[in-house]
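Have a look at the structure below before the remarks.
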């Protein structure tokens, strides 16, 4: 290890690392080495188990602590994108990181609780079954008969409030439950209709 890690430079009037120190640090960064330049051994299974045991049960800082019902309700509301109690809305113009026009309206709509409810209603109506091949027990999705983006353009939806007011988006007759294989065969799967226009 170098004895002097700094040298005084008159050029800028401050401290600067020596070249010997820079070379050592470069080697250490490449090979995950310790301060003496030797490779660190991997963590053994016993060490991992000791680290795990150290945070189990009463040793865990959250052991025995429970959130109040009020706190859990506030957490739930914040995660579903609803209004906070005193800070305004989580999404939209009142959000701390809001940048005008960056988020696409279709992505915002798909994250709304109303959209999730619309999907759930379509699944229940179709009995969780693909309506083309009648398959159950596979990954299913709700397909828009009339494209989601087409509805947004035709109704001139610019923000979430416009989307909430538009009945055509939330109409379950526009949705059909399909398995992923049948969904890929549709005309407007993942913007296929827009690419063909």
How many residues of the range 134-167 are surrounded by 13 or more Cβ atoms within 10 Å (Cβ to Cβ) and more than 28 Å from the chain's Cα centre (by Cα)? The answer is 2
Residue match in the range 35-43 (condition: within 32 Å of the chain's Cα centre (by Cα) and modelled with pLDDT of 75 or more): yes
Kindly indicate whether residue 119 is farther than 26 Å from residue 159 by Cα and modelled with pLDDT of 85 or more. no
Of the residues that make up the range 6-27, is at least one part of a helix (DSSP H, G or I), under 26 Å from the mean Cα position of the chain (by Cα), at pLDDT 65 or above and not assigned by TED's automatic domain parsing to the domain that holds residue 151? no
Filtered residues of the range 109-133 (kept if over 20 Å from the mean Cα position of the chain (by Cα), within 23 Å of residue 161 (Cα to Cα) and crowded, with 17+ Cβ neighbours inside 10 Å): 118, 122
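The values are calculated or read from the model by the stated rules, or taken from the named source; none is laboratory data. Nothing here was measured: the structure is a model prediction, and the numbers come from that model. Methodologically, a virtual Cβ is constructed for each residue, glycine included, from the backbone with ideal geometry; neighbour enumeration extends over all protein chains shown.
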